[in-house]
Amino acid sequence: MNLILIEGPELEPVSLEEAKLHLRVDGTEEDALISALISTAREFCESFTGRSFALQTFEYVSGPFFSNCGIIKLPMPPLIELVSFKYLNANGEEIMLIEDSGFYAVKSLEPAVLCPIPATGWPLDCALRPDAVKIRFKAGYSEVPKSIKQAMLLLIGHFYEHREAVNIGGGTVGGGEIKELPLAVSSLLRPFWVPRW
């Protein structure tokens, strides 16, 4: 899967004020660090679950239509809006597909699925290239579930307190203990996990 981030979030699911309250930090000296930790925690949680928590624009790049077994699953739910759906034809020309005439979207599924119109199927003139299909879309939550925000806050607190190496399983390296990520993070995120293969 080739997924390109076109436009990142304008707002994080956890605000700087929420993070500072959780960390019990009053001053502004570490605002830049805490803001970076917020983004890091979101990216970790998104990677773990396969979801987009903040409103972002992505481009999904795929091979010819037949390589998708008839349907195209869009990663990083929840899908908010399809921006464009293009493919390269055998002559190398970029062709735009229009929803409800060239394909239809099942947005209620997670991940959302794009299907060809049954009467016509996918276009037969699609180029035999690994980048033949390009779908641009917006994904993310309008309101992030509280358990996701709590997982992010736990991670932010963990990264703030432990500014050295961490791992998932604990253990030691070179005589020093490696701090383990809080177990509650994966427990809070597990219900939001999206199967990817």
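Taking every DSSP helix (H) stretch of at least 4 residues in the chain, weighting each as -39,500 (n - 2.57) and dividing the sum by the residue count yields a mean residue ellipticity at 222 nm of -8000 deg cm²/dmol. Peptides 83-96, 12-25 ranked from most to least packed give 12-25, 83-96, packing being the mean of other C-beta atoms within 10 angstrom over each peptide's residues.
Against the main long axis of the alpha-carbon atoms of the chain, helix 146-161 sits at an angle near 50°.
Which angle from 0 to 90°, rounded to the nearest 10, does the C-alpha axis of helix 31-49 make with the longest principal axis of the chain? Approximately 50 degrees, to the nearest ten.
Each value in this text was obtained by applying a stated rule to the coordinates, not by laboratory testing. Nothing here was measured: the structure is a model prediction, and the numbers come from that model. Ideal geometry is used to build each Cβ from the backbone, glycine not excepted, and the neighbour counts take in all protein chains shown.
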